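First the structure, in the form of structure tokens, and then the observations on it.
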Amino acid sequence: MNAHTSRHGFADFAARFVASFFILWAPFFSFSAFRGHPIPVTGMATAALFFAVAALVASLAMGREPGWRRVAIFTLLVLVFLDLQWPALEAVVLVPGAALILTLFWLIREHLAVILATVFATVFASSVLMPRADTVR
């Protein structure tokens, strides 16, 4: 394994980890910060550690190659995100949505981890930086 391959492998793992973490963390943070369920800092840190471990497990389970395992795990994580963010979504919407997401993720599988890391880090950052809709006048 040369230095370039090693660097690429680390960058790929980092993208998988960051994407997994923010997909899992964003709904929890949104729920605790904006829906009237404040959690103390120690609780937030404990939850972040829990989600980091879950993201680590998911990242390792995806494997090094951008194949079906990676696509399937990211699809499941995004479906959990959608279900937590919009609980009103019914199976009637989620099942065809899952098929569409799975198809899209398969088409962009080579860059999926980087794309999802960017998207969900942005979702998290916007939830931190932008005020709640009910506080804007």
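The values are calculated or read from the model by the stated rules, or taken from the named source; none is laboratory data. All of these numbers come straight from a predicted model, not from anything done at the bench. Neighbour counts are summed over all protein chains in view; Cβ atoms, including those assigned to glycine, are modelled from backbone coordinates with ideal geometry.
Below are the figures for this structure:
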item: Given (1) part of a helix (DSSP H, G or I); (2) in contact with a helix residue (DSSP H, G or I) (Cβ under 6 Å, 6 or more places away or on another chain), index of the condition Ile39 fails; result: (1)
item: Positions within segment 101-137 being modelled with pLDDT under 80 and of a type in the set (D, E, K, R), in sequence order; result: Arg132, Asp134, Arg137
item: Total residues in segment 42-72, condition among the hydrophobic types (A, V, I, L, M, F, W, C) and in contact (Cβ under 8 Å) with a residue 40 or more places away in the chain; result: 3
item: Pairs where the first residue, in segment 76-89, is in contact (Cβ under 8 Å) with a residue 40 or more places away in the chain and the second is exposed (fewer than 15 other Cβ atoms within 10 Å of the Cβ), C-beta under 8 Å, 6+ apart; result: Leu84/Phe31
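Results for (1) among the polar types (S, T, N, Q); (2) within 22 Å of Leu129 (Cβ to Cβ); (3) surrounded by 12 or more Cβ atoms within 10 Å (Cβ to Cβ), shown as yes or no for each residue.
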| residue | (1), (2), (3) |
| --- | --- |
| Phe31 | no, yes, yes |
| Leu56 | no, no, yes |
| Ile73 | no, no, yes |
| Leu107 | no, no, no |
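Residue-by-condition table, conditions (1) touching a Leu at 6+ places or on another chain (Cβ under 8 Å); (2) modelled with pLDDT of 95 or more:
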position	(1), (2)
Leu24	yes, no
His37	no, no
Ala58	yes, yes
Ala61	no, yes
Gly67	no, no
Ala99	no, no
